[in-house]
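One structure below.
The values are calculated or read from the model by the stated rules, or taken from the named source; none is laboratory data. The structure presented is a predicted model; accordingly, all values stated were derived computationally and were not measured. Methodologically, a virtual Cβ is constructed for each residue, glycine included, from the backbone with ideal geometry; neighbour enumeration extends over all protein chains shown. What goes into the accessible areas is simple: the full protein's heavy atoms, side chains included, and nothing from ligands, DNA or RNA. Shrake-Rupley method; radii C 1.70, N 1.55, O 1.52, S 1.80 Å.
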Amino acid sequence: MSEVVKLERHDVIAIVTVDSPPVNALSAAVRGGIFECMKTAIADPEVKAIVLTCGGRTFIAGADITEFGKPPKPPGLAEVLVLMENSPKPIVAAIHGTALGGGLEVALACHYRVAVKEARLGLPEVKLGLLPGAGGTQRLPRAVGPELAVKMIVGGDPISAAEALKNGLIEEIVEGPASGGEAFARKLVSEKRPLRRLRDDDSKLAAAKADISIFTNAVAAMTKKARGLEAPFAAADAVRAAIELPFDEGLKKEREGFLKLVSSDQSKAQRYAFFAEREASKIAGVPDGTKPRKVDRVAIIGAGTMGGGIAMSFANAGIPVTLIETTDEALKRGMGIMQKNWEATAARGGIPADAPAKRMALIDGKVGLENVKDADLVIEAVFETMAVKKEVFGKLDQFAKPGAVLASNTSYLNIDEIAKETKRPQDVLGMHFFSPANVMKLCEIVRADKTAPDALSTAVAISRKIAKVPAVVGVCDGFVGNRMLAQRGKQSEKLLFEGALPQQVDAVVTKFGMPMGPFAMSDLAGLDIGWRSRKDRGIKSEIADALCEAGRFGQKTGKGYYKYEGGSRSPLSDPDVEKVIDETLQKLGKKRRTVSDEEILERMMYPMINEGARILEEGIAARPSDIDVIWLYGYGWPIYRGGPMFWADSVGLKHIADRLSHYAKETNDPSLEPAPLLKRLAAEGKTFASLAEKSKAA
Ligand code: 3H9
């Protein structure tokens, strides 16, 4: 018996219950508790079978991630699992919630597994830059065959109890975990069923042993999107060892792989991102115990690209939506696009065949703003100009029910100003979704001057409910993400005037791990938008202007900074663009110089980090990790680099500050001078992470 693991005996059945909130992670205390309880139950002559189950909301959710990188404490998980697998009495894992990582590995070392129908089972270690390190890569292929094992281990996504049953990962679906586990254990005893040790059962490996392409094809399919990541490949190697080596040797290979990854920079960054994401949903400055308001129905204003994508996100989570447009025609168009999108996903097997109809049934299309009246949350996604937004919020004030949260999906406008159009500024905030809104995970939640704490926590809670990652930010032009991106945009444009080509800049940025470079991104967004806005404001950007004057508006015209052939979206370098650049520079009397890749990388990243420092100083973001979350989930920052502020710490703030000063002088751009916060941290030899430690201590 221990604080977190208890042993009870119901005549011949011993029940071992782990109860270590919040997620029963395998801390040293939990490992020790399981070890002692199992030893006692095995030694008890009255006990004929043992059930391992968990209290609280879930079965064991894995190793305790906070212990990684610290000196190991006994007993090791491997030692606990050897004791369990070698038990002469059958052990049944009874699963509810999520059996993940080390949690599923514990279950795999049991002789039998049962689960409730809502349970999910998986080995998500790759998402933390790791591989399963307690036998998962050796036992799971023996339980379900190498193809599904590769999908689960290299891909990292869990499977449902139904899929686990179909593939032999569990024996039965039960009603309640403890009662179902106990009933199953009694059946084992009365039927005198033999012990099933996965380590001794190679039957499901036979096909891949005869033809390794079964394994290699599965790996190729799962690593297609693993660019730059180490863990998926190392995890695949460990599964290969299950097929090619005896169990104990495979286990050794797995251990070596795990130890290498656990100390790698990539895994450190990915573990940081895991906690940063969770930290971001804790709102700084909101009193403990603030309860979110109830949200049973959402109204979305505007059925365009953003509004439609946001509506889909809510319907995907089963939340009813009133989708509002100004005309029947616009509404019909928006609804048609959503239906088509869902049908395409269903055709690819991404959602069940009946899901599109079910989700469409959750969306009630209406014409007229008065239809917001039943909504608990209203999200405005209309044209991005202040005048239009103000008009909409003025009307919302008349029609929305008291206490409804009123959100704007603006990507840069001032929410304080928008809130003034209502008599209830305490209910107004920003919810900035990213395009395509049904895919991108980030939601910047903009806290305005008068936003009430419970309105803010409603927006955070509902974002999590629709599987988005919320990050709370303050009011400023472009909020956190776009404000930082603007600094990169400024530099990328300047680099063209100095001698770099779009393809060179983009190659450096994508090699770093971003999904797209700034010029390919501009081509995707359309160059004409900026061109028109520059004309309105009387501003010039000679190269971009020349491209637009030549009808090169980006992907939509098949030409922009690149050319696109045969309707393809793949950018191809275009000598004509180089010509436009050369001619423009000649006109301006400028000479091209060779710009190194190193300079490009520094000028793409450091000014963004500098802006991040200003954002922290102004309190627009509460924590450096919130900025990282924004970049990870809104802009495709490579997860294995943790986020811009985390990455900056690894580069060294002094180096970054020095280089910024250098470029400020070299390019005659005082805006590149290091921000006071960056300067101070650099001078003190500190990191951005040190700020988070300080705010936690406060
Ligand atoms: C592993 O197992 C390696 C082995 O193969 C090898 C061993 C040798 N550890 O997400 P939530 C905290 S690697 C420590 O908000 P939900 C989390 O930080 C591990 N803490 O809840 C949060 O704390 P706070 C493989 C953990 O209901 C609180 O629990 N396993 C861990 O939305 C609630 O979390 C995984 O990768 C942990 N393992 O989702 C699973 N897990 O309240 C990781 C959670 O202070 N976990 N916490 O912010 C998850 O995916 C989700 O947490 C889960 C619950 C689905 C379980």
Report task. Tell me which residues, restricted to region 569-596, are more than 10 Å from GLU542 (Cβ to Cβ), of a type outside the set (D, E, K, R) and in contact with a Gly (Cβ under 9 Å, 6 or more places away or on another chain). Result -> PRO571, VAL577, THR594, VAL595
Query - Pair list, Cβ < 6 Å and 6+ apart or interchain, from region 126-144 residues that are within 23 Å of ILE639 (Cβ to Cβ) and open to solvent by 10 Å² or more (accessible area, probe 1.4 Å) to residues that are more than 7 Å from the ligand (Cβ to nearest atom) and of a type in the set (S, T, N, Q) - result: LEU128/GLN270
Query raised in the report: Picking from LEU131, LEU165, which residue would you name as being in a loop (DSSP other than H, G, I, E, B) and touching an Asp or Glu at 6+ places or on another chain (Cβ under 8 Å)?
Result: LEU131
Query raised in the report: If we scan region 397-411, do we find a residue that is under 22 Å from VAL321 (Cα atoms), of a type in the set (Phe, Trp, Tyr) and in the same structural domain as ILE324 (by TED's automatic domain parsing)?
Result: yes
**Report entry** Residue pairs meeting the criteria (Cβ under 9 Å; at least 6 apart or on separate chains; first within 11 Å of ARG142 (Cα to Cα), in region 187-205; second open to solvent by less than 90 Å² (accessible area, probe 1.4 Å) and assigned to a loop (DSSP other than H, G, I, E, B))
**Finding:** ARG197/ASN86; ARG197/HIS111; LEU198/HIS111; LEU198/GLY135; ARG199/GLY135; LYS204/GLY145; LYS204/GLY168; LEU205/GLY145
Report summary line: Going through (1) assigned by TED's automatic domain parsing to the domain that holds ALA61; (2) buried (at least 21 other Cβ atoms within 10 Å of the Cβ) one by one, ASP211 fails only at (2)
Report summary line: Per the filter on region 102-124, residues within 16 Å of the ligand (Cβ to nearest atom) and open to solvent by 20 Å² or more (accessible area, probe 1.4 Å) are GLU118, ARG120, PRO124
**Report entry** Residues of region 1-17 classified as more than 18 Å from ALA185 (Cα to Cα) and among the aliphatic types (A, V, I, L, M), total
**Finding:** 3
Query - Every pair of residues 6+ apart whose Cβ atoms lie under 6 Å, when the first sits in region 27-49 and is without any contact (Cβ under 8 Å) to a residue 12 or more places away in the chain while the second is crowded, with 16+ Cβ neighbours inside 10 Å and among the basic types (Lys, Arg) - result: none
**Report entry** Filter result (assigned to a helix (DSSP H, G or I) and either of a type outside the set (Asp, Glu) or at pLDDT below 95 (or both)) within region 636-651
**Finding:** ILE639, TYR640, ARG641, PRO644, MET645, PHE646, TRP647, ALA648, SER650, VAL651
Report summary line: The lone condition ALA162 fails out of (1) aliphatic (A, V, I, L, M); (2) open to solvent by 10 Å² or more (accessible area, probe 1.4 Å); (3) touching a residue at least 60 places away in the same chain (Cβ under 8 Å) is (3)
Query raised in the report: Residues in region 480-488: is at least one open to solvent by less than 30 Å² (accessible area, probe 1.4 Å) and within 30 Å of GLN586 (Cβ to Cβ)?
Result: yes
Report task. Answer yes if at least one residue in region 462-473 is without any contact (Cβ under 8 Å) to a residue 24 or more places away in the chain and open to solvent by 10 Å² or more (accessible area, probe 1.4 Å), and no otherwise. Result -> no
**Report entry** Residues (part of a helix (DSSP H, G or I) and open to solvent by less than 80 Å² (accessible area, probe 1.4 Å)) located in region 577-594
**Finding:** VAL577, GLU578, VAL580, ILE581, ASP582, THR584, LEU585
Query raised in the report: Any idea how many residues of region 54-67 are assigned to a loop (DSSP other than H, G, I, E, B), open to solvent by less than 50 Å² (accessible area, probe 1.4 Å) and near the ligand (Cβ under 10 Å from one of its atoms)?
Result: 6
Report summary line: GLY156 vs (1) within 8 Å of the ligand (Cβ to nearest atom); (2) open to solvent by less than 10 Å² (accessible area, probe 1.4 Å): all pass except (1)
Requested in this report: Can you give me the ranges of the helices (runs of 4 or more DSSP H) entirely in region 177-250 with at least 3 residues that are under 26 Å from TRP637 (Cα atoms)?
Outcome: 213-223, 231-244
Query raised in the report: Just wondering, is there one or more residues in region 608-627 that are of a type in the set (S, T, N, Q), part of a helix (DSSP H, G or I) and open to solvent by 40 Å² or more (accessible area, probe 1.4 Å)?
Result: no
Query raised in the report: Can you pull out the residues in region 1-27 that are in a strand (DSSP E or B) and within 16 Å of the ligand (Cβ to nearest atom)?
Result: VAL18, LEU26
Report task. Taking VAL30 as the residue in question, decide whether it is within 12 Å of the ligand (Cβ to nearest atom), within 22 Å of GLY180 (Cα to Cα) and hydrophobic (A, V, I, L, M, F, W, C). Result -> no
Report task. Looking only at region 279-301, decide whether some residue is part of a helix (DSSP H, G or I) and within 15 Å of the ligand (Cβ to nearest atom). Result -> yes
Requested in this report: May I ask you to verify whether LYS556 is more than 22 Å from TRP631 (Cα to Cα) and open to solvent by 50 Å² or more (accessible area, probe 1.4 Å)?
Outcome: yes
Query raised in the report: Within the bounds of region 79-101, is there any residue that is open to solvent by less than 30 Å² (accessible area, probe 1.4 Å), under 16 Å from ASN24 (Cα atoms), part of a helix (DSSP H, G or I) and within 8 Å of the ligand (Cβ to nearest atom)?
Result: no
Requested in this report: Look through VAL446, VAL439 and report the one residue that is more than 30 Å from LYS579 (Cβ to Cβ) and not in a strand (DSSP E or B).
Outcome: VAL439
Query - Residues satisfying the stated conditions in region 499-542, i.e. in contact with a helix residue (DSSP H, G or I) (Cβ under 8 Å, 6 or more places away or on another chain), open to solvent by 20 Å² or more (accessible area, probe 1.4 Å) and either of a type in the set (Asp, Glu) or on the phi > 0 side of the Ramachandran plot (or both) - result: GLU542
Report summary line: Taking region 248-278 and keeping residues of a type in the set (D, E, K, R) and within 11 Å of the ligand (Cβ to nearest atom) leaves GLU254, ARG255, ARG271, GLU277, ARG278
Report task. Quick one: count up the residues across region 68-78 that are within 22 Å of ARG271 (Cβ to Cβ) and either in contact with a Lys or Arg (Cβ under 6 Å, 6 or more places away or on another chain) or within 11 Å of the ligand (Cβ to nearest atom) (or both). Result -> 5
